[in-house]
1. The conditions are (1) among the polar types (S, T, N, Q); (2) surrounded by 19 or more Cβ atoms within 10 Å (Cβ to Cβ); (3) more than 16 Å from the chain's Cα centre (by Cα), and Ser407 fails exactly one of them. Which is it?
2. Check every one of the helices (runs of 4 or more DSSP H) wholly within the stretch 1-61 and list those with 2 or more residues that are acidic (Asp, Glu).
3. So which residues in the stretch 146-176 are more than 30 Å from Val68 (Cβ to Cβ) and without any contact (Cβ under 8 Å) to a residue 24 or more places away in the chain, if there are any at all?
4. Of all residues in the stretch 280-290 being over 28 Å from the mean Cα position of the chain (by Cα) and in contact (Cβ under 8 Å) with a residue 24 or more places away in the chain, which is surrounded by the fewest Cβ atoms within 10 Å (Cβ to Cβ)?
5. Counting only residues that are assigned to a helix (DSSP H, G or I) and out of contact with any Pro (no Cβ under 8 Å at 6 or more places or on another chain), how many does the stretch 166-199 have?
6. Out of Ala334, Ala299, report the one residue that is in contact with a Phe, Trp or Tyr (Cβ under 7 Å, 6 or more places away or on another chain), touching a residue at least 60 places away in the same chain (Cβ under 8 Å) and not polar (S, T, N, Q).
7. Looking only at residues in the stretch 185-216 that are among the β-branched types (Val, Ile, Thr) and in contact (Cβ under 8 Å) with a residue 12 or more places away in the chain, which one is nearest to Ala75 (Cα to Cα)?
8. Just checking, how many residues over the stretch 298-337 are assigned to a helix (DSSP H, G or I) and out of contact with any helix residue (DSSP H, G or I) (no Cβ under 7 Å at 6 or more places or on another chain)?
Amino acid sequence: MDRLVLDPTGRDRDAESAELFRRGPATPVDLLGVRAWAVADPELLEELLKDPRVSKDGLQHWPDFAEVVPTWPLAVWVGARNMFTAHGAEHRRLRRLVGTAFSARQINAMTEQVEQLTDALLDELAALPPGTVVDLREHLAYRLPIQVIARLLGLPDTLKDSFRTTVDRVFDTTLTAEEAVANLTTFYGMLDELIATKRREPADDMTSLLIAARDTGDGEDTEDGEHGADGTTGAASALTEEELRDTLLLIVSAGYETTVNLIDNGIAALLTHPEQLALVRSGKVGWGDVVEEALRRDAPVAHLPLRFAVEDIELPGGATIPRGEPILASYAAAGRHPVRYGEDGGVFDVTRPVKDHLAFGHGPHFCLGAPLARLEGATALRALFDRFPDVTLAPGTELSPVESLISNGHRTLPVLLHGAP
């Protein structure tokens, strides 16, 4: 079977998902010139995501790494050195350094703060003249997550807008390799500025904590005493300078882009399915149900580059992913696959009993920020529809996807907050 060429603009996600379904549990695809195996079947994907024979470390397990990465527009997705691209003990070491910031206790402590930030944004919207068309992707879905991540990391106000622009371009898969390199250079320059600022003036934020782990050689936060769970010592667990920068890059990028799409997709789904919104308002389902259904039906990340076969992996049906070949997790298609969700997998249904989607991944690399994203999503949706019960899409609106095969959201989300005149 010929390779399916994935559209870098993501303009017809539904048709692409349908073709992935038709081709079977895993199929060869062309990912901006790189051959990979796209896995859309959630049963198979779930197994591969926890399989130790599947690695995220391209430097170790992708024979074409050195040849491809210098000229590939998605190089940062496999070339950065952080927990996203680490495998085994290295992954555990790096994940442990970040994990405490996303514990249940920490997320619970942030609840009031997220609510206050949301209310302040809605206050600004409420002050607009009646009849104003408001882009909720811009003025709510974007602004809430970037404010939350800015507080978590201690981003100065001068860097917030710049970080947003560079992150948007990290997810833009229409860039050339040269444009992607230039954007990454800009991104690293801002990260270096942030690190230098926090070294001079440390504060109670995650950036300062990571810098302390880097500069003191103390990267442990375990109850095991002198050694970590994998046998490493504190000194061995410290971040290198490269890992420090790339860990911040990961948190800034993943920490808000996916939540932007969650809030955007949740609002759009409810506005285009008023009967589902009515179920929430009646109390028959909760806002958590809305969040989970939005995550399932419209995974914030459509395709996530890349994983690699550490050895030959035989697939159901007899095909084999050869050792060293890339594997692409196709989350948007997996979230609607009939094998798990039936023939109506593309239907938005907040009463759907099956909640076990893979939007945040699965296994060792399950998204650390999932509880925070869920908190922000539920808070934003509840507060928006409580404050503006008559909110509706602006007349003539046709929602268009962002230009990305990775990011799964809308370019704009224009609404009338007080309903049509």
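1. For Ser407, the failing item is (3).
2. Details: elements: 13-23, 42-49, 58-61.
Correct list: 13-23, 42-49.
3. Scanning the stretch 146-176 gives Ala150, Asp157, Thr158, Lys160, Asp161.
4. In the first step, residues of the stretch 280-290 are kept if they are over 28 Å from the mean Cα position of the chain (by Cα); the result is 281-284.
In the following step, the residues that additionally are in contact (Cβ under 8 Å) with a residue 24 or more places away in the chain were identified as 281, 284.
Values: Arg281: 13, Lys284: 11.
Ranking the qualifying residues of the stretch 280-290, first place goes to Lys284.
5. Filtering the stretch 166-199 for residues assigned to a helix (DSSP H, G or I) gives 166-170, 177-199.
Pick out the ones that are also out of contact with any Pro (no Cβ under 8 Å at 6 or more places or on another chain) and you get 166-170, 178, 181-193, 195-196, 198-199.
Residues flagged as assigned to a helix (DSSP H, G or I) and out of contact with any Pro (no Cβ under 8 Å at 6 or more places or on another chain) within the stretch 166-199 amount to 23.
6. Numbers: Ala334 fails: in contact with a Phe, Trp or Tyr (Cβ under 7 Å, 6 or more places away or on another chain).
Every option except Ala299 fails the conditions.
7. First, pick out the residues of the stretch 185-216 that are among the β-branched types (Val, Ile, Thr): 185-186, 195, 197, 207, 211, 216.
Pick out the ones that are also in contact (Cβ under 8 Å) with a residue 12 or more places away in the chain and you get 186, 195, 197, 207, 211, 216.
Numbers: Thr186: 15, Ile195: 23, Thr197: 28, Thr207: 24, Ile211: 25, Thr216: 31 Å.
Among those that are among the β-branched types (Val, Ile, Thr) and in contact (Cβ under 8 Å) with a residue 12 or more places away in the chain, it is Thr186.
8. Initially, the stretch 298-337 is screened for residues assigned to a helix (DSSP H, G or I), giving 331-334.
Those left that are additionally out of contact with any helix residue (DSSP H, G or I) (no Cβ under 7 Å at 6 or more places or on another chain): 331.
Going through the stretch 298-337 one residue at a time, the tally reaches 1.
The values are calculated or read from the model by the stated rules, or taken from the named source; none is laboratory data. All of these numbers come straight from a predicted model, not from anything done at the bench. Heads up, the Cβs are rebuilt from the backbone with ideal geometry, glycines too, and the neighbour counts pull from every protein chain shown.
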